[in-house]
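Undergrad: Just dropping this structure here.
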Ligand SMILES: Nc1nc2c(ncn2[C@@H]2O[C@H](COP(=O)(O)OP(=O)(O)OP(=O)(O)O)[C@@H](O)[C@H]2O)c(=O)[nH]1
Ligand SMILES: [Mg+2]
Ligand SMILES: [Zn+2]
């Protein structure tokens, strides 16, 4: 898996934005991750504890906001969720599906402290 | 001391995608059509590249970037032996190539002499799908022995494809592979995907695949 390079990106985004906002410390980072992106939260957390040391974001809590993979059936208009793998519509068995969400993969926000 | 919340909303892949755009520009400026060839280990990436070189030479000059997780030059050596320039990129254990790695690879190829550049990505169906390289087409090789359920189990890689090659069709008589079931899954994920059924062993289907490539390669 590629969680190390992902985690490095998260650190870069958080510290760049934190510094720009004048933070003395970043305490929390909220990530939005769709269920279709093959990312393991624990593994990001593991690398985070290693690489955030000595940075503005040292000790910051990571919050993983997961977005389910919702799909819309073109045949019967039923909406349902995929759990990782492709499944036919549970109502009608059709495979004509539109994927509505689940690809999200971004840093949403950070909580910072400033010395006044 | 005061605490506050800063809204960011920045895509985590942005840094990679920006380098991918530079790669694309570089290929475009050199007039080179670039392909990102993905597959599981052993699906026939190198075999397909070699057969493609054989069918397109001498009119189309092809450079190859070989991505491997370790410093093994077996695949790159095969391309060199076929008379085309090849660069080996060692990802140092990483499960995929990313755009900065391709940038390095491109620097070592004589781009101005090439018509087509093929990246042999690391054998893996999950990670390469997440990293844009800046190539013009994402191509996946699925091979018959892997089984007909792969689009269902690895939906993401199929969604980002421009071309699908189904390789090792010479093995169809020996393996329980429901082509209908397989292609139904692909159709659900990527409607109308351009698909070639081939055998890198017998050469079957390569006429159509290389014809498609010829159409994409701009001859100066
Ligand atoms: N029967 C048959 N065998 C094939 C075909 N294409 C490739 N092979 C065999 O499959 C094996 C793997 O082929 P490669 O071309 O090395 O596959 P690869 O995807 O480059 O493998 P890695 O780089 O190791 O991931 C070799 O033994 C090939 O001879 C085919 O169309 N039919
Ligand atoms: Mg190979
Ligand atoms: Zn339905």
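Taken together, the values in this text are just the output of simple stated rules run on the coordinates, not laboratory data. All values derive from a computational prediction rather than experimental measurement. With ideal geometry, Cβ positions are generated from the backbone for all residues, glycine too; neighbour counts draw on all protein chains shown.
Undergrad: Compute the Cα gyration tensor for chain B, then decide on rounded, prolate or oblate, letting a ≥ b ≥ c be the square roots of its eigenvalues: rounded whenever a/c is under 1.5, prolate when a/b is larger than b/c in the other cases, and oblate in all that remain.
TA: Note, shape of chain B comes out oblate.
Undergrad: Over chain B, what is the mean sequence separation of C-alpha contacts under 8 Å (at least six apart), divided by residue count, expressed as relative contact order in percent?
TA: Working: 417 pairs, mean separation 55.2, N = 220.
Taking the mean separation of contacting Cα pairs over the length of chain B, I get 25 percent.
Undergrad: Using R₀ = 22 Å, calculate the FRET efficiency as 1/(1 + (r/R₀)^6) where r is the Cβ-Cβ separation of residue A:46 and residue A:108; round to 0.05.
TA: 0.55
Undergrad: To make sure I understand, if each residue's beta carbon is the centre and we count other beta carbons within 10 Å, what order do B:135, A:30 fall in, fewest to most?
TA: A:30, B:135
Undergrad: For peptide A:25-38, how many partner chain Cβ atoms fall within 10 Å of a residue's Cβ, on average?
TA: Mean partner-chain Cβ count within 10 Å for A:25-38: 2.
Undergrad: Let me know the shape class of chain A, please: from the alpha-carbon gyration tensor, a ≥ b ≥ c as square roots of the eigenvalues, rounded when a/c is under 1.5, otherwise prolate if a/b is greater than b/c, or oblate.
TA: The shape class here is prolate.
Undergrad: Something else about it: Per 0.36 nm of contour for each residue apart, how much would the distance between residue B:73 and residue B:216 grow if the chain were fully extended, relative to their Cα-Cα spacing?
TA: Stretched fully, the residue B:73-residue B:216 segment lengthens by 48.6 nm.
Undergrad: Using a Gaussian network model of chain A with C-alpha springs under 10 Å, which one of A:57, A:83, A:14 is most mobile by mean-square fluctuation?
TA: Between A:57, A:83, A:14, it is A:83 that shows the largest mean-square fluctuation.
Undergrad: Once both axes come from the Cα atoms, what is the angle between helix A:3-20 and the longest principal axis of chain A, in degrees from 0 to 90, rounded to 10?
TA: The two axes meet at around 50 degrees.
Undergrad: Would you mind computing the Rg to Rh ratio of the protein assembly as shown from its alpha-carbon coordinates, Kirkwood style for Rh? Don't jump to the answer; show the numbers that get you there.
TA: Details: Rg = 22.0 Å, Rh = 21.6 Å.
Answer for the protein assembly as shown: 1.02.
Undergrad: Another question about this same structure. Over all residues in B:7-19, what is the mean tally of Cβ atoms on other chains that come within 10 Å of each residue's Cβ?
TA: 6
Undergrad: Okay, next question. Could you tell me what percent of the DSSP beta bridges with both partners in the protein assembly as shown are antiparallel, to the nearest 5?
TA: Expressed as a percentage, antiparallel bridges in the protein assembly as shown total about 40.
Undergrad: Which value in deg cm²/dmol, rounded to the nearest 500, describes the helix-derived mean residue ellipticity at 222 nm for the protein assembly as shown, given -39,500 (n - 2.57) per DSSP H run of n ≥ 4 and division by the residue count?
TA: -9500 deg cm²/dmol, from helical runs alone.
Undergrad: Measuring from label point to label point, each 7 Å out along Cα→Cβ, what is the residue B:5 to residue B:80 span in nm?
TA: So the two model labels end up 5.7 nm from each other.
Undergrad: Ok, one more. Would you please give the FRET efficiency between residue B:22 and residue B:194, computed as 1/(1 + (r/R0)^6) with r the Cβ-Cβ distance and R0 = 25 Å, to the nearest 0.05?
TA: 0.40
Undergrad: Return the FRET efficiency for the residue pair residue A:92, residue B:90: r is the Cβ-Cβ distance, R0 is 56 Å, and the value is rounded to the nearest 0.05.
TA: In this case the efficiency is close to 0.70.
Undergrad: Take the alpha-carbon centre of the range B:129-156, take the same for the range B:63-82, and report the distance between them in whole Å.
TA: 21
Undergrad: I would also like to ask the following. Return the distance in nm (one decimal) between the two label points of a simple spin-label model at residue A:53 and residue B:29, each offset 7 Å from Cα along Cα→Cβ.
TA: About 4.2 nm, to one decimal.
Undergrad: I would also like to ask the following. Each label point is 7 Å from the Cα along the Cα-to-Cβ direction; what then is the distance between the points at residue B:112 and residue A:8, in nm?
TA: Inter-label distance under the simple model: 3.2 nm.
Undergrad: With a/c under 1.5 counting as rounded, go ahead and sort the range B:116-193 into rounded, prolate or oblate using the C-alpha gyration tensor (a ≥ b ≥ c being the square roots of the eigenvalues; past the cut-off, prolate if a/b is larger than b/c, else oblate).
TA: Numbers: a/c = 1.92, a/b = 1.52, b/c = 1.27.
Prolate, because a/c is 1.5 or more and a/b exceeds b/c.
Undergrad: Shifting gears a bit: If you average the sequence gap of Cα pairs under 8 Å that are 6 or more apart and divide by the length of chain A, what percent do you get for the contact order?
TA: Result for chain A is 37 percent.
Undergrad: Sticking with this structure for a sec: What is the angle, in °, between the Cα long axis of helix A:41-51 and the longest principal axis of the Cα atoms in chain A? Nearest 10 is fine, range 0 to 90.
TA: Result, in degrees: 20.
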